[in-house]
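Here's the structure we're looking at; comments come further down.
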Amino acid sequence: MTEFDRKVAVCTMRPDIHKRRRGPGASRSVFRAQSERPPMEQPPTQIRARRWLAAAKRLLRAVPRPMPALAVGFVATLTLPIGANAYGAVVPWLYDVEAPVASQGAADRRSASRTALREMLMRLTGLRSVPMSEPVQAALRDPGPYYVQYRFLPRNAEGEMRLGVSFSPKAVRDLVSEAALPIWSANRPVGLAWVAVAAEGTPTVLSAESDHPLAEGLRTRARQRGIEIGLPLLDEEDASRISVADVWYRFPYAIEQATARYEPDVVLLGRARANPLGEWVTEWDFRLDGGQRSFSFETQTPEEGAALAVDEVADELMDRFAVLGREATAFELEVLGIATVRDYATLMRGLGALEFIDRVELLSAGPARTTLRVTTRSTRSRLAELLSVYGLLEADEAVPPPGAAVDRLTLAWTGNG
C-alpha cells in the first residue's frame, strides 16, 4: 500500500478527519488556491478559468436543474438531464477553425484551409471520420467558397504558425446536405471534467489553469470535435468540497457537491497513471440518459488517452442528438400555447437556429393554435424528441381539431427560447 493509499484508508475509516481535511483553508498544497491574490496579480490562465465559469453559467439556461442523485459506489460521470428542462448552449466558436500553416503563401494557405474544412465537417456532422464522397472531395479541392474570412495567427508556444478560418454556416450546411451527411445542432451540452493524474506517485487533480499534456489533449480534441469540456477552477471553494482522493477513488457525494457550482450538462470523470513500461493508462466512466459506460486506454502519451476519451463522449452525443443524412421533407407542425407576438418571434428564432431545420413557414395563427410548415431532414418523431430536449416545445395530449392532417405533429410551447 502506497503512502497515498494509506492516507485515503485512514480518511475513509474516520469521516471526521475527512471532513476536517476539507474545511476552509485545507488542501492548499494540492489545489493551489488563488483566492488570496489580489485580482490584478492572478495569472492569465486563472483569469481565463474564471471567465470560463462565468461564460458557462451565462450560456446554460437559467432553469432549475437538480443534480442527479449519485448512489454510493456508483459514479455518474456523464449525465444528461433529459426531460422538460432545457439544457446546453450554442457553441460560439463552432464555425471558427484553426489549422497549422507552413507559410503565408497562397499554396500553403489553401492546404491549411482544406485541413480546416475537414475539421469543420467533423464538428458539424459529429462524425469522427467524414466519408470522402464526391461533394466533399470537390469542396476540399476548392475550399474558398465555404469560408468568409481567414487570418494568420501569432505563432504558438511551439513556434507553429496557424491559420484562423471562419466558415459560412449556410455554405457548410448546404455541403453537408448535398453529401447526405448527418448534422448536429450548434446547441450542445457543456461539459466539466474531473481528472486525477498520478505521474510520480501521489496523484494531482487537473485544473482550468493546468498545462499538463493530458489537459491540453482534452481541450484540443474537444475543440476539434465541437464540444465544450472545461476543467474545474480548483480554487478555495472547490478545495473545501473535494479532495484528490475524492476524484481518484470517485467518491460520489464529494463529486456531486463540487460539481453543482458549475451547473454542467456533462460531467466526465477520469484518472491517469504511467505504468512501468512508460505507457499511460487512462480510465474513464460516464453515464448517459440512465445508462453507464466505462472505458480505458493504454497509450504512449497522456494526450492520446485524453483525445480517445473525448472521442467516446462526442460519439455518444452525436448518436443521441445528430440528425442522420436524408432528403429534406416538409410537414405541418402545430404549436399550442403561443399567446403573444413575442412568443411567436421567440419560437421562430429558436427553430431557425437549429441546423437540421432548413425552412419554417407560417400557415395559420390563432389564439390557441399556430400552424407551421417545417422543412427538415429529421423524421417527425426525431424532431419532436429534439425540440423537447432543447426545451423549445414539448409533447401535448390535446385532441387535434376536426379535419387535422394525419401526419401533423402537435407540440406545446414551453415558453423557453
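The values are calculated or read from the model by the stated rules, or taken from the named source; none is laboratory data. Note that the coordinates shown come from a computational prediction; the quantities given were computed from them, not determined experimentally. Cβ placement follows ideal geometry from the backbone for every residue including glycine, while neighbour counts extend to all protein chains displayed.
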Among what's in region 241-266 and is touching a Pro at 6+ places or on another chain (Cβ under 6 Å) and not in a helix (DSSP H, G or I), pick the residue that is surrounded by the most Cβ atoms within 10 Å (Cβ to Cβ).
Val266
Go through (1) assigned by TED's automatic domain parsing to the domain that holds Gly278; (2) part of a helix (DSSP H, G or I) one by one and return the number of the condition Ser210 breaks.
(2)
Across region 112-143, the tally of residues that are loosely packed, with under 12 Cβ neighbours inside 10 Å and not charged (D, E, K, R) stands at 3
List the residue pairs whose Cβ atoms are under 8 Å apart, where the first residue sits in region 123-134 and is within 17 Å of Phe356 (Cβ to Cβ), the second is assigned to a loop (DSSP other than H, G, I, E, B) and among the small types (Gly, Ala, Ser), and the two are 6 or more positions apart or on different chains.
Arg123/Gly226; Leu124/Gly226; Thr125/Ala322; Gly126/Gly226; Gly126/Ala322
Across region 151-166, what is the number of residues that are over 17 Å from Leu94 (Cβ atoms) and either crowded, with 16+ Cβ neighbours inside 10 Å or outside the structural domain of Ala102 (by TED's automatic domain parsing) (or both)?
3
